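Scroll down for the structure; my scribbles are underneath it.
The values are calculated or read from the model by the stated rules, or taken from the named source; none is laboratory data. Model, not experiment: these values are computed from the prediction. Here the Cβ positions follow ideal geometry from the backbone for every residue, glycine too, while neighbour counts run over all protein chains shown. We work out accessible area using only protein heavy atoms, side chains counted, and drop any ligands, DNA or RNA first. Shrake-Rupley method; radii C 1.70, N 1.55, O 1.52, S 1.80 Å.
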Amino acid sequence: MSKWTIANQAEVETWAAIRDNGRSSLSRATTLSLLYLLAALAVGAYLLSAVAQICEGAIYFVGWDVEEVQFTWMETMMWIYAGAAVIALAGWLLVQLSLRGRLPVLLSVFVAKIPGLGRAIQTIALANFCESIYRSVVRSQTYGDAFRFASQEARFTPLQNWAAQSALRLDAGQSWEHALSHPPIKDHPLAAVTALGQGQLSREETIGMWHQAASDSHSLVDSRSRRTVRYLFRTGLVASVLTASFAILAVNTAIVMTINGLTFFGWW
C-alpha cells in the first residue's frame, strides 16, 4: 500500500461509482416524489376551483330570508395548495443544489436536518472526503495539503469549510485532536480517524486507517441511500394520497352544503 497501484485506482473508481449512484438515486427519488405531490396538489386545486364555481351563488332560506352559502374557505384552500406547491419546488431545488455542493453553509445545514435525506447527503460528502484524504496520504502528501485538497473536492459546504480550517491548524502545528475538533459530520468513520490519529502511527498504519474510513463511509453511502430512496417514495405517495383525499373531502363537504341549502328552510 506504499505506492499507488492499479488495484488502488480500481477501488477508487468503484467508490466513485457508489457515490454517483447514491446521488443519482436520491435525485431521482426526490424528483419523482415531487411529481407525485405536485400532481396531487394540481388535482386538488382543480377540484376545489371547479366546485367553487359550480356552487357560486347557492342560497338557503332561513324563514323567509335568503342567505347565500359562503365558500370563501375553498378559495383559501386553493391558495394553501398553491403555497404548498411553491414550498415543495423550493425544497426540491435546495436538495438538488445540496447534492451538487452548491449551497451556502446555512442552507446546507438546513437541508442536512431533513429526516433521512439530510443524513444520506452528508454521508456521500463524508465518503468523498475520506477517499480524498486516503489518496493524498498514499501519495505521501502532508496532512495540511491533504485536508486542503479534500476541502476543494467535498460537496458539502460545512465540511469544505471545516476541512480548510483544519488544514490551516495542521500547518500551524496544532495537535491532531485540536485541529480536527468539532467536525460537521458525526459519523463513526470520521470519529474513528479522529481518535486513532492522535497516536504515533507509521505510514502504513496511517494509510490503512484512512482506507478503512473510506471503505466504511462508502458502505454507509450504499445502505443509507437505499433506505432513503424507499423512505422518499413512501413519504411522497402517502403525502400525495392525503393531499388529494383532503381536497376530495372538502369538495364533498361543499356539495353537501349546497344540496342542503336547496332543501333547508330554517326555523319559522
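Tabulated data
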| item | result |
| --- | --- |
| Candidate set from the range 187-226 (those that are open to solvent by less than 10 Å² (accessible area, probe 1.4 Å) and hydrophobic (A, V, I, L, M, F, W, C)); member that is nearest to the chain's Cα centre (by Cα) | Val221 |
| Qualifying positions in the range 241-268 - β-branched (Val, Ile, Thr) and at pLDDT below 90 | Ile248, Val251, Thr253, Ile255, Val256, Thr258, Ile259, Thr263 |
| Flag if Val238 is part of a helix (DSSP H, G or I) and either under 30 Å from Ala45 (Cβ atoms) or at pLDDT below 90 (or both) | yes |
| Val229 in contact (Cβ under 8 Å) with a residue 60 or more places away in the chain and over 26 Å from the mean Cα position of the chain (by Cα) | no |
| Filtered residues of the range 85-98 (kept if in contact with a helix residue (DSSP H, G or I) (Cβ under 6 Å, 6 or more places away or on another chain), open to solvent by 10 Å² or more (accessible area, probe 1.4 Å) and in contact (Cβ under 8 Å) with a residue 60 or more places away in the chain) | Trp92 |
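Residue by residue, here is whether (1) among the β-branched types (Val, Ile, Thr); (2) buried (at least 17 other Cβ atoms within 10 Å of the Cβ); (3) within 28 Å of Ala125 (Cα to Cα) holds:
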position	(1), (2), (3)
Trp15	no, yes, yes
Asp20	no, no, yes
Arg23	no, yes, yes
Ala29	no, yes, yes
Gly44	no, yes, no
Leu47	no, yes, no
Ala52	no, yes, no
